[in-house]
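Everything on this sheet refers to the single structure shown next.
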Amino acid sequence: MQKFAACVTALGAVAIAAATCTIAFVHSTPETGTPYQAVALMNGQMFFGKLEESSRDYLTLRDVFYIQGRQNPETRAVTSVLIKRGGEAHSPDRMLINRQQVLLVEPVKTDSQIAKLIAEQNAAH
């Protein structure tokens, strides 16, 4: 009987810990300690920006960038270019991302190549 009670107690503790983690993720924005974050989505897309709390179901990403491959028609060489969102026809000033579609959030270190490219683009505008 004591083993059964210990198992029930352990399972209860695990359930409470899982619920706490779920609630913490659903109700808060991950703190990375850097100005920009990389947000990977379930469909394989990656965006870089300033992550903000939005709602229970969505995260807000501002000052958004993404990487696009471009091919030189003469040499056929492909280069990666960092593109700032906002130049599209609908001129978005932010992205609202469904939390269920977020695979991971990582910090963009201030001395990383991405952070340097973002700083260059922001300085140019």
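The values are calculated or read from the model by the stated rules, or taken from the named source; none is laboratory data. Worth saying up front: this structure is predicted, and the values here are computed from it rather than measured. In this analysis, Cβ positions are derived from the backbone assuming ideal geometry, glycine residues included, and neighbour counts consider all displayed protein chains.
Put simply, of 37, 2, 45 the only residue that is on the phi < 0 side of the Ramachandran plot and modelled with pLDDT under 80 is 2.
Across region 35-80, the number of residues qualifying as within 16 Å of residue 115 (Cβ to Cβ), free of Cβ contacts under 8 Å to residues at least 40 places away in the same chain and in contact with a Lys or Arg (Cβ under 6 Å, 6 or more places away or on another chain) comes to 3. Look at (1) in contact with a Pro (Cβ under 7 Å, 6 or more places away or on another chain); (2) surrounded by 14 or more Cβ atoms within 10 Å (Cβ to Cβ) and you find that residue 33 fails only one, number (2).
Each row is one residue, and each column tells you yes or no for (1) at pLDDT 95 or above; (2) in the same structural domain as residue 43 (by TED's automatic domain parsing); (3) surrounded by fewer than 10 Cβ atoms within 10 Å (Cβ to Cβ).
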| residue | (1), (2), (3) |
| --- | --- |
| 84 | no, yes, no |
| 90 | no, yes, yes |
| 97 | yes, yes, no |
| 102 | yes, yes, no |
| 113 | yes, yes, no |
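All but one of (1) at pLDDT below 85; (2) touching a helix residue (DSSP H, G or I) at 6+ places or on another chain (Cβ under 8 Å) hold for residue 31; state the number of the condition that does not hold. For residue 31, the exception is condition (2).
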